[in-house]
Amino acid sequence: MTTPSMPKGARERRVHTGGVELCVAELGDPQQPTVVLVHGYPDSKEVWSEVAVRLADRFHVVLYDVRGHGRSTAPQPLRGGFTLTKLTDDFLAVVDAVSPDRPVHLVGHDWGSVQSWEFVTVGRTEGRIASFTSMSGPSLDHFGHWINARVKRPTPRRVGQLLGQGAKSWYVYLLHTPALPELAWRGPLGKRWPKILQRTEKVPGGDYPTPSLPSDAAHGAWLYRDNVRARLLRPRPDAYAHAPVQLITPLGDAFLSERLYDDLEQWVPQLTRRTLPAKHWIPRTRPDQVAAWIEEFVTSVEGGRPQPKATGRHADRFGGQLVLVTGAGSGIGRATAFAFAEAGARVVAVDRDAEAAARTAELSRLVGAPEAWAETADVSDEQAMEKLAEKVHRAYGVLDVLVNNAGIGLSGSFFTTTTDDWRRVLDVNLWGVIHGCRLFGARMAERGQGGHIVNIASAAAFQPSRALPAYSTSKAAVLMLSECLRAELAAQDIGVTAICPGIVNTNITSTARFTGVDEAEERRRQKHSARLYGLRNYPPEKVAKAVLDAVTHNRAVVPVTPEARGAHLLSRFMPGVLRGIARVEPKL
Amino acid sequence: MTTAVSSELPVELQGFRRVQRLAYECAEAVAARLEPGVTEREAARMQREWLRERGVRDWFHLPFAWFGDRTAFVNFRIPLQFFPTDRALAPGMPFILDMAPVYEGYTADIGYSGSLGVNPVQDRLMADLEAHRELILREVRERRPLREIYEDVDRLMVRQGYANRHRAYPFGVIAHKVDRVKQRRWSPHLFGFGTQSLKGLAADALHGHREGWSPLWSPYRFSDHPPQPGLWAVEPHLGFRGTGAKFEEILVVTDSRDPEQSAFWLDDDLPHVRRWAEAK
């Protein structure tokens, strides 16, 4: 029999070890590499149910209830029954039962990760662990050394880090009081916990947490009492990892500071870092991303290559993520696609020009994208965009980052701008963005696992100009659309950013339309403005860097070039100056 | 493909071709000796010594060597950064050797790109340089203004997805004239450039200034003139995210009316050209 929240097809067995009986569940083909998932506190193995089903078609997935949790029995007496040594015995017993002749890939969350650090740093498990993926749970020994280093040499920054983590650990102190935690968990706290998780941690409800929560949490308090003080006061000096480690750090973790892992390289020779903008319970809130990273890491370790290929900026954040860029055939779009590719993202390059898109995809693969595809679509064409979205979602998946970049230039007096001109520029610059946000953003929101939308607006969105009425209008609309969407999608953890580049050396000038002049004069102006932009020579690569930074820090509005920053500042404090500049007719 | 009919080359051009071949031989010999840990300074010295042993006494400019992201001139702000540093070569790193020896009074200026082991990005850049070699020759034969050819090369680079890195050279030149140099017993150099060659360049610049042309092929207005007969060392330099690649070789421009004879590459038996031929 399986518990309701375990997926269908899970096989269960009981493993006897050190006076307790552990409940072990298995999914997937036992011939495949074994992945062991260890849960945290206050949890049971069901915390992994979402991740386990995503891994089950590729791996032999094993979950077990830690002693005293879920349907495993508790040691008698409780005091002294939860030491890391005993937990290591349990782990070895489980591994010997489920994968007697092959080392396993270990994955731990929260206290599961804390104890897994012990497994992966003690001698007797050597050869039994092929890799370890750690989430939100530091090694107590490393933690002890981390504190020691900061106490012994207290610079202001180090004291700040110490106090910060000290404040985040408030619950650890409470758990050390006798009897009270047990009373609370078996009483009101246990009852309210699911609601608290939903509200503060954004953990989706449903069949998690399981009904065993009050007793899990009450028993689990001994995890802290049996280990924390002992290890933090006398950390082992030899806690070196003997397997490659992947560290996944949720940046919004309320209980653990990301600074805890600053010195980790000295303990782990082969370390892969991953970060994601999420709170503590990522196995529940970000199962797709967590499963994808586990799969990638396990596959690469099995293939004998424990370090990732991509080493660009923010590779920890974007590795393996799916990114779509429109207008990726040139300029800022292409540079953005390359920057994401360098960070190890999977890239979908969309452009009107099929050849240019293909080129972007090809070069993306060269600089580090594990996969890159070219798609041809005109963003102003609603049907084409619908078709594109349908294909992307079917073939590649739901996007993690969408970059609405495609845009065209249009210059000329308001009175020489025809309605067709207006239509064209709004169709591409505004409707293109609307279609992108609508079609891809909807699926992102529906998935409920976060994401990010970047809209490339322009400094013209806040700098009026008599020479660019239509263009500036379209970009101002994009800016406001981004702000409104940001407000709406905040609840779903989807960030929206408007990038306002300014004068950047791209081919937007040579394709721009100049109204009110004949063809020869238009060509001359295109050439002339291209030369001016060339002299300014602000490279699109810097805009691409700003895009990645903006996504990483979830910024709302990002002016990029110095002139764009200046204009942005003036628009807030001295808009009159901008209005004065707007009256100047540029010589083209 | 376009070639000078080698047997009919005038004596003077044969002299230029001899020194260009010598320089490329040097580049290949030094490239073969590069190994992990060798620094740019050491690589530059290896080139200098190799050529000195074979009779080179004067330079248009002293040998350069760029490793890693310095092949794409990442974060170059001042010309002094072109000079060799203590950057050490590591497996997979791209490198560029650039030297301009004067031999028997003839000048060559060459650029050789390679990598220590495999570097797929640089391979791709090198393959894509072929189109530039063809474009430049075609448009020179059409007698298009140099500034326009420069812009067309620029556009092709952008279409290919690369950045123009010859823009980082002094005056942003894609090419410059080279000429014969008087052999002197003492041949000092100034900031890495041979004074004799600088003198020649200055004389050309003065001449050109009066007649409306320039020995420097740049994106600026002073290059807004049709190709000037003479020998041009052409060096398109592509950059892509911290990897650079270039070739540099002599383009002969004459005042002949026959397009084939009006411009041609001095030599088609060079490492990068052979490489493209092999790939086909």
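The numbers here are math on the coordinates, done by the rules we state, and not lab data. Just so we're clear, the structure is a prediction, and the values are computed from it rather than from any experiment. For neighbour counting, all protein chains shown are included, and Cβ atoms are generated from backbone atoms with ideal geometry for every residue, glycine included.
Odds and ends about this structure:
- Within the protein assembly as shown, the ratio Rg/Rh, alpha carbon atoms throughout and Rh by Kirkwood, equals 1.05.
- Taking the alpha carbon gyration tensor of segment A:11-302, multiplying each eigenvalue by 5 and rooting it gives semi-axes of 26, 23, 20 Å, largest first.
- Calculated FRET value between A:R158 and B:R77, using beta carbons and R₀ = 41 Å, to 0.05: 0.70
- Classification of segment B:1-129 by its C-alpha gyration tensor yields a prolate form. The axis ratio a/c (a ≥ b ≥ c) is 1.5 or more, and a/b outweighs b/c.
- Counting Cβ atoms of other protein chains within 10 Å of each Cβ in B:157-164 and taking the mean gives 5.
- Shielding of A:331-339 by partner chains, average beta-carbon count, 10 Å: 1
- Distance between the modelled labels on B:R33 and A:H393, one decimal in nanometres: 6.4 nm (7 Å Cα→Cβ projection).
- Residues whose amide H comes within less than 5 Å of that of A:V36, counting only those at least five positions distant or on another chain, are A:V62, A:H105, A:L106, A:V107 (H built at 1.01 Å from N in the peptide plane).
- Scalar couplings 3J(HN,Hα) for segment B:237-244, obtained by applying the Karplus form with A = 6.51, B = -1.76, C = 1.60 to θ = phi - 60°, are 10, 9, x, 9, 6, x, 10, x Hz; x denotes Gly and Pro.
- DSSP beta bridge pairing in segment A:11-302, given as percent antiparallel to the nearest 5: 30 percent
- Backbone amide hydrogens, once placed in the peptide plane, bring A:V66 within less than 5 Å of A:H39, A:K45, excluding anything fewer than 5 places away on its chain.
- Scaling the Cα radius of gyration of segment A:380-441 by the globular reference 2.2 N^0.38 Å produces a ratio of 1.35.
- Trypsin sites (Lys or Arg not before Pro) restricted to segment A:500-588 and DSSP loop, no more than 10 other C-beta within 10 Å: A:K587
- Of the peptides A:494-507, A:164-177, the order by per-residue mean of other Cβ atoms within 10 Å, starting with the highest, comes out as A:494-507, A:164-177.
- Chain B - mean residue ellipticity at 222 nm from DSSP helices (-39,500 (n - 2.57) per run, n ≥ 4, rounded to 500): -12000 deg cm²/dmol
- Net charge contributed by nearby residues that have their C-beta within less than 13 Å of B:E148 (K/R +1, D/E -1): +2
- Residue of B:H225, B:H166, B:H61 that the Gaussian network model of chain B assigns the largest fluctuation, springs spanning Cα pairs under 10 Å: B:H225
- Restricting attention to the protein assembly as shown, close to 50% of DSSP beta bridges with both partner residues there are antiparallel.
- Modelled label positions at A:Q270 and B:A127, each set 7 Å beyond Cα in the direction of Cβ, lie 3.1 nm from each other.
- Per DSSP, loop trypsin sites (Lys or Arg not before Pro) in segment B:229-265 with at most 12 further Cβ within 10 Å: B:R257
- Across the options A:P30, A:T85, A:V61, the greatest Cα extent toward the positive end of the charge dipole of segment A:12-110 (unit charges at beta carbon of Lys, Arg, Asp, Glu) belongs to A:T85.
- Cβ-based net charge around B:P188, under 13 Å, with every Lys or Arg adding one and every Asp or Glu removing one: +3
- For segment A:552-559, Karplus couplings with θ = phi - 60° (6.51, -1.76, 1.60), whole Hz, Gly/Pro x: 4, 9, 6, 8, 8, 10, 10, x
- Degrees, to the nearest 10: A:469-489 long Cα axis against longest axis of chain A: 20 degrees
- The local environment of A:S465, defined by Cβ-Cβ distances under 14 Å, has a net charge of +3 under the rule Lys, Arg +1 and Asp, Glu -1.
- Residues whose placed amide H lies under 5 Å from that of A:T272, excluding near-sequence neighbours: A:V245, A:Q246, A:L247
- Normalised by the number of residues in chain A, the average gap of Cα pairs under 8 Å and 6 or more apart makes the relative contact order 10 percent.
- Residue mean of other protein chain beta carbons inside 10 Å, B:238-250: 2
- Added length on full extension, which subtracts the Cα-Cα distance from 0.36 nm per residue, B:E148 to B:Q14: 45.2 nm
- With Cα atoms, 0 to 90° folded angle of helix A:111-121 axis to chain A main axis: 80 degrees
- Residue-averaged [θ]222 nm for chain A, counting only DSSP H segments that reach four residues, each worth -39500 (n - 2.57): -14000 deg cm²/dmol
- Only helices reaching 27 angstrom along their own axis (Cα) with mean Kyte-Doolittle hydropathy no lower than 0.5 count here, and not one DSSP H run of chain B does.
- Sparsely packed loop sites in segment B:122-214 (the chymotrypsin sites (Phe, Trp or Tyr not before Pro) outside DSSP H, G, I, E and B with at most 15 other Cβ atoms within 10 Å) comprise B:W186, B:F191.
- For the pair B:A277 and B:E211 in one chain, pulling the backbone fully straight at 0.36 nm per residue adds 19.8 nm over the alpha carbon distance.
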